[in-house]
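Student: Here you go, one structure.
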Amino acid sequence: MQEPALLADPRELADQVAGWPASAVLALDTEFMRERTYHPQLCLVQIGTESASCMIDPIVALDLTQVHELM
């Protein structure tokens, strides 16, 4: 398996998401920040397949609609 890719660019995210439907397994992990907020703020999304893994940085204002639709 390759090193996890840190995705902070919309094009990189789109390229990764395009390959996920072909995977038989899709693992998801999320991390939230709750410091000084009334509501949790999503700060990291980790996705893994049989052959690759990536970390998505939603704080840089990436549109996660493609990820939501896949789920």
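Student: Take the range 52-61 and flag every residue that is out of contact with any Pro (no Cβ under 6 Å at 6 or more places or on another chain), more than 12 Å from Ala27 (Cβ to Cβ) and in contact (Cβ under 8 Å) with a residue 40 or more places away in the chain.
Tutor: Residues satisfying the conditions are Ile56, Asp57, Val60.
Student: Taking the range 34-47, which residues are open to solvent by less than 70 Å² (accessible area, probe 1.4 Å), assigned to a strand (DSSP E or B) and free of Cβ contacts under 8 Å to residues at least 24 places away in the same chain? I'd like the intermediate steps shown before the answer.
Tutor: If we filter the range 34-47 for residues that are open to solvent by less than 70 Å² (accessible area, probe 1.4 Å), which is where we start, we get 37, 40, 42-47.
Subsequent filtering for residues that are assigned to a strand (DSSP E or B) retains 42-47.
Answer for the range 34-47, where residues must be open to solvent by less than 70 Å² (accessible area, probe 1.4 Å), assigned to a strand (DSSP E or B) and free of Cβ contacts under 8 Å to residues at least 24 places away in the same chain: Leu42, Cys43, Leu44, Val45.
Student: Here is a further query. So which residues in the range 1-33 are surrounded by 10 or more Cβ atoms within 10 Å (Cβ to Cβ) and either in contact (Cβ under 8 Å) with a residue 60 or more places away in the chain or assigned to a helix (DSSP H, G or I) (or both), if there are any at all? So that I can check it myself, show each step before the final result.
Tutor: Step one: filter the range 1-33 for residues surrounded by 10 or more Cβ atoms within 10 Å (Cβ to Cβ), giving 4-10, 12-20, 23, 26-33.
Selection gives Pro10, Glu12, Leu13, Ala14, Asp15, Gln16, Val17, Ala18, Gly19, Trp20.
The values are calculated or read from the model by the stated rules, or taken from the named source; none is laboratory data. None of the values given here were measured: they were computed from a predicted structure. Positions of Cβ are generated from backbone atoms using ideal geometry, with glycine treated the same way; all protein chains shown enter the neighbour counts. These accessible areas exclude ligands, DNA and RNA; they are computed on the full protein's heavy atoms, side chains included. Shrake-Rupley method; radii C 1.70, N 1.55, O 1.52, S 1.80 Å.
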